[in-house]
Each structure stands twice: as structure tokens, then as C-alpha cells.
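The values are calculated or read from the model by the stated rules, or taken from the named source; none is laboratory data. Fair warning: this is a prediction, and the values are worked out from it, not measured in the lab. A quick note on method: Cβ atoms are made from the backbone with ideal geometry, for glycine too, and the neighbour counts reach across all protein chains shown. With ligands, DNA and RNA removed, areas are computed over all heavy atoms of the protein, side chains included. Shrake-Rupley method; radii C 1.70, N 1.55, O 1.52, S 1.80 Å.
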Amino acid sequence: MTKHALDIFENNMEKYNDPEYYDLQYQNYLKDFPLILEWAEKINGEIIDLACGTGRLTIPLAQKGFKLTGVDINEGMLDRARKKTRNTNLPIQWELQDCTKLKLNKSGSLIYMTGNSFQHFLTNEAQNNLFQSVHAHLIEEGIFIFNTRFPILSELAIIDESKRTYVDKRMRKVTEYEVDSYDPLTQILTSTSTREILNDQNQVVSTEKDRILLRYVFPMEMERLIEQNGFSILYTYDSWNKSPIQKGSTELIYVCQKSSSL
């Protein structure tokens, strides 16, 4: 990955500036766990969790007895994961690394990347480098599982502005304004959120703002990308309960197998 591409990636981390709050929001999301566990039980060897964040899936898999390496480029998220496992004997090695140029002294039988993290790789170069990095760290016929959002053109084509008021995981009353805009030339959605924190009199006491860029990939484009980088597609699903992809799907989940040398 070029320095410019890496700068784009590292500057796309605003949503993850507060690892503790990220945990409050997502630590109980485990819809993806059964499918990852199913494949973990099928293979015999090391498991690598890419873009592992605070260990949302890494930790429960290790609690099942599997040996894992959790990799993330965000130091704050990884520090949070380390703190959560500091006083345990779980078989996890945490690695602060760029997923597009892994340098792990091991090969995995299973590598997975969930949470739509694939959409953070914004350029063709970054996507290719990710697949090649995964390929280099899988044993022969090893499995790579990842997911991404399905690009629904009718939704992406318009600038979407929304407002909602809610009580967040820290029990704060929040009014959130979100603006989403999609660039069809780059296939990147820019989502900007502004959150006004309110007191009991509904007065604004503080404001938070963040932005995230997400790359969308179309199914036929993804098939070519996967196959050109030395993988075959075993299964494609539109949800973690293994339902088939169809018109109206909102998610793409790929189970791939390393099939050739690069």
C-alpha cells in the first residue's frame, strides 16, 4: 500500500476513537459468531482475526479453546482488547499491524474479518493487498471469511439526511444528525454524524462529530476480485444464518478457500 493509501486508511478511524464506548455499543452483537465457530470447529490449526477491534469475536472463540491471533491497526482498540484479557490465560496473541501487509510468523487455517471491515479498504490497491496478505498467511486450502454491505443503488443514489433522538449506552440523551453521500466514481459512501448531548432541560451541553468512508463492491466485481487473488468461493450468503444471496439482500458474506499460488 502506498503512503497516500495508508494515510487515507489511518485517517478513517474517527468512529473508533472511543474503544470503551465501541464496546458498549457492539460487545453483545454475536450474529456472526455461530458461522465463524462452525468453521473454527472444522479446521485444525491457528485462527487469525483481522480487524479484531476490542476482541468481540476473538475472546469468545478463545474461551472455546481455540488458539487465536487478533490483528488491528487501531492501537486504542487493541489496547482495550489487551486490557480485557490481561488477567486471563486465554490463548490469544494481539498484534498491532496493517492487514494489507501482515508480517506474522505463522500461517492460519482460518482467517476471518467481520463487522463489514472490508469496506475500510477504499482503493483497488488496498483491496488487492488485503487479499494477497491473507493469501500469504493461510495454509494450503485454508479458509477466509469476510462480509460487506450489499450496494443498493436506489439508496446510495440520493443524499440521505436523518435526525433521531435517543438515549445512548452511556445513558445520555442524544440528538444525532447524519448525512450520507455516495460517489459513484469511487464507489465510496461518506457518512458524517453530529451528536448533540442534551441535559434534562434538553439543552445542548456538548457536541461530538465523526466521519467514516466506506467502499461498496458489487457482487460480480467481488467474484473477480476474489478469484484473481488466488481464492475460490465456497459459499455466498446474505446473512450470518446462511440464507442465499438474492434480489433485495443487504449484506454479502463470503466463505472462500485458498486455491492457487500467487
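One line per residue, one yes/no per condition, for (1) open to solvent by less than 80 Å² (accessible area, probe 1.4 Å); (2) of a type outside the set (Phe, Trp, Tyr); (3) at pLDDT 95 or above:
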{"site": "PHE146", "(1), (2), (3)": "yes, no, yes"}
{"site": "PHE150", "(1), (2), (3)": "yes, no, yes"}
{"site": "LEU153", "(1), (2), (3)": "no, yes, no"}
{"site": "ILE158", "(1), (2), (3)": "no, yes, no"}
{"site": "LYS163", "(1), (2), (3)": "no, yes, yes"}
{"site": "ARG170", "(1), (2), (3)": "no, yes, no"}
{"site": "SER181", "(1), (2), (3)": "yes, yes, yes"}
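In the list VAL134, VAL179, VAL205, which residue meets the criterion of being more than 24 Å from GLY248 (Cα to Cα), among the β-branched types (Val, Ile, Thr) and in a strand (DSSP E or B)?
VAL205
Among the listed residues LEU262, LEU252, LEU198, which satisfies the condition of being out of contact with any Cys (no Cβ under 7 Å at 6 or more places or on another chain), hydrophobic (A, V, I, L, M, F, W, C) and open to solvent by 80 Å² or more (accessible area, probe 1.4 Å)?
LEU262
Please work out which one of (1) more than 23 Å from LEU130 (Cα to Cα); (2) of a type outside the set (Asp, Glu); (3) open to solvent by less than 40 Å² (accessible area, probe 1.4 Å) is the condition GLY53 fails and give its number.
Here GLY53 meets the rest and fails (1).
Would you check if there is a residue in the stretch 74-81 being part of a loop (DSSP other than H, G, I, E, B) and within 20 Å of PRO34 (Cβ to Cβ)?
No, the conditions are met nowhere in the stretch 74-81.
Hey, among the residues in the stretch 208-226 that are assigned to a helix (DSSP H, G or I) and among the charged types (D, E, K, R), which one's farthest from SER133 (Cα to Cα)?
Looking at residues that are assigned to a helix (DSSP H, G or I) and among the charged types (D, E, K, R), I get GLU221.
Would you mind telling me which numbered condition in (1) open to solvent by 40 Å² or more (accessible area, probe 1.4 Å); (2) in a strand (DSSP E or B); (3) in contact (Cβ under 8 Å) with a residue 40 or more places away in the chain TYR235 fails?
For TYR235, the failing item is (3).
Looking at (1) closer than 17 Å to ASN17 by Cα; (2) in a helix (DSSP H, G or I); (3) touching a strand residue (DSSP E or B) at 6+ places or on another chain (Cβ under 9 Å), which one does GLY55 not meet, given that it meets all the others?
Here GLY55 meets the rest and fails (2).
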